[in-house]
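The values are calculated or read from the model by the stated rules, or taken from the named source; none is laboratory data. A quick note: this is a predicted structure, and the numbers were derived from the prediction, not measured. Note: ideal-geometry Cβ built from the backbone for every residue, glycine included; neighbour counts use all protein chains shown.
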Amino acid sequence: MPNGVMVIAEQRDGEIRKVSYEIVSEGRNLADSLGQVVTAVLLGSGVKDKAAILGQYGADRVLVADDPRLETYTTDAYVAVIAEVVKANDPAILLLGGSAQGKDLSARLSARLGVGTAQDCTAFSLESGNLVALRPIYAGKAYAKVSFVDSWPQMAVARPNVMAMNEPNTSKSPEVVDVSFSLDDSALKTRVVESIRDESGKVDLTEADIIVSGGRGMKGPEGYGILEELANVLGASVGASRSAVDAGWRPHSDQVGQTGKVVSPNLYIACGISGAIQHLAGMSTSKVIVAINKDAEAPIFQKADFGVVDDLFNIIPAFTEEVKKIA
């Protein structure tokens, strides 16, 4: 009989990503309700010494697959290894983080395991011992309650920056186990030949606590200079609407929305963004939303917790100077 909660941790350049701590924490909450254990799975090369930190967030056991071929994520290699580990351990619940890697991995893994998966979840609960996931649909206009019946593992993918992260318990040490696996090189259809890193040092939008976003109201790429300055003062990341990206003002990596990145920061400042439904779908779960727009009828104000009806080129520089005084 399937038993326990398994989470797939994610690392980049040997460092465990924040979303991994979020899903381990959520896995701990579910496991406590079931009276079961949490097992984390960590893949990479030279990452075993990083495994113990997952225990501080709630993992009882960490299974480590350490191999040079797993240093950089590729779908073929990771799916093959994780599918083997999952089948060998037979968990009742399987959780992944909804990063770009997690979304890619979960789709193929779901097919390999022959189970369904709930994507982009914002909350989990249990009913009669079965996992129930809450996920936004229709661009965030409604929420679907997804349940699993007679299918294991019950697999779900959590939206980053939404699940509460436990306070790390530095006194807790998980059992760290090296797992054996078979990986046929001839079955690996892709390999990473070069990685071009973002050297800006900025936090990825999906993990940022504060995001300052600009839309068509920025009037051009040069307008983003005032947002960059505010972001530097706040320790924030800069995002953009689809219209701004389509106009070539910002790179696609900055796009927030249904066709860009789905974000859930503690603070989202929307500057010159009207609030098209596809943009709202990407940021509506932000904890606090501040909108600055000259158009008092802009849809963004319907989602905003705080709104300023004025020219952003007057508001942002003045706001930046005030923040500098208290920073």
Breaking point among (1) at pLDDT 95 or above; (2) under 23 Å from Arg159 (Cβ atoms), for Cys271: (2)
Selection count where residues are among the basic types (Lys, Arg) and under 14 Å from Val162 (Cβ atoms), scope region 13-30: 1
Residue identified as surrounded by fewer than 16 Cβ atoms within 10 Å (Cβ to Cβ), closer than 25 Å to Thr122 by Cα, touching a residue at least 24 places away in the same chain (Cβ under 8 Å) and under 20 Å from the mean Cα position of the chain (by Cα) among Lys103, Lys18: Lys103
Hits in region 216-262 (condition: within 17 Å of the chain's Cα centre (by Cα) and hydrophobic (A, V, I, L, M, F, W, C)): Ala236, Val238, Val256, Val262
Checking Asp120 against (1) at pLDDT 90 or above; (2) touching a strand residue (DSSP E or B) at 6+ places or on another chain (Cβ under 7 Å); (3) at negative phi, the condition it does not meet: (3)
Yes/no for Lys48 being surrounded by fewer than 19 Cβ atoms within 10 Å (Cβ to Cβ) and modelled with pLDDT of 95 or more: no
Sole exception among (1) over 23 Å from Tyr78 (Cβ atoms); (2) surrounded by 11 or more Cβ atoms within 10 Å (Cβ to Cβ) for Ser128, by number: (2)
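Here is a yes/no grid of residues against (1) buried (at least 18 other Cβ atoms within 10 Å of the Cβ); (2) touching a helix residue (DSSP H, G or I) at 6+ places or on another chain (Cβ under 9 Å); (3) hydroxyl-bearing (Ser, Thr, Tyr); (4) closer than 19 Å to Leu230 by Cα:
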site: Gln258; (1), (2), (3), (4): no, yes, no, no
site: Tyr268; (1), (2), (3), (4): yes, yes, yes, yes
site: Ile273; (1), (2), (3), (4): yes, yes, no, yes
site: Ser284; (1), (2), (3), (4): yes, yes, yes, no
site: Val288; (1), (2), (3), (4): no, no, no, yes
site: Phe306; (1), (2), (3), (4): no, no, no, yes
site: Ala327; (1), (2), (3), (4): no, yes, no, yes
Residue satisfying all of: in region 171-215; surrounded by 10 or more Cβ atoms within 10 Å (Cβ to Cβ), of a type in the set (Gly, Ala, Ser) and under 24 Å from the mean Cα position of the chain (by Cα); modelled with the lowest pLDDT among these: Ala208
Elements of type strands (runs of 3 or more DSSP E) in region 115-208, at least 2 residues being touching a Pro at 6+ places or on another chain (Cβ under 8 Å): 142-147
Count of region 244-258 residues which are in contact with a His (Cβ under 9 Å, 6 or more places away or on another chain) and either modelled with pLDDT under 95 or under 11 Å from Leu280 (Cα atoms) (or both): 3
Inter-residue pairs, beta-carbon under 8 Å, first farther than 23 Å from Lys261 by Cβ and in region 73-97, second hydroxyl-bearing (Ser, Thr, Tyr) and modelled with pLDDT of 95 or more, 6+ apart: Asn89/Thr39; Pro91/Thr39
Tally of residues being over 23 Å from Lys287 (Cα atoms) and either of a type in the set (S, T, N, Q) or touching a residue at least 12 places away in the same chain (Cβ under 8 Å) (or both) across region 147-171: 11
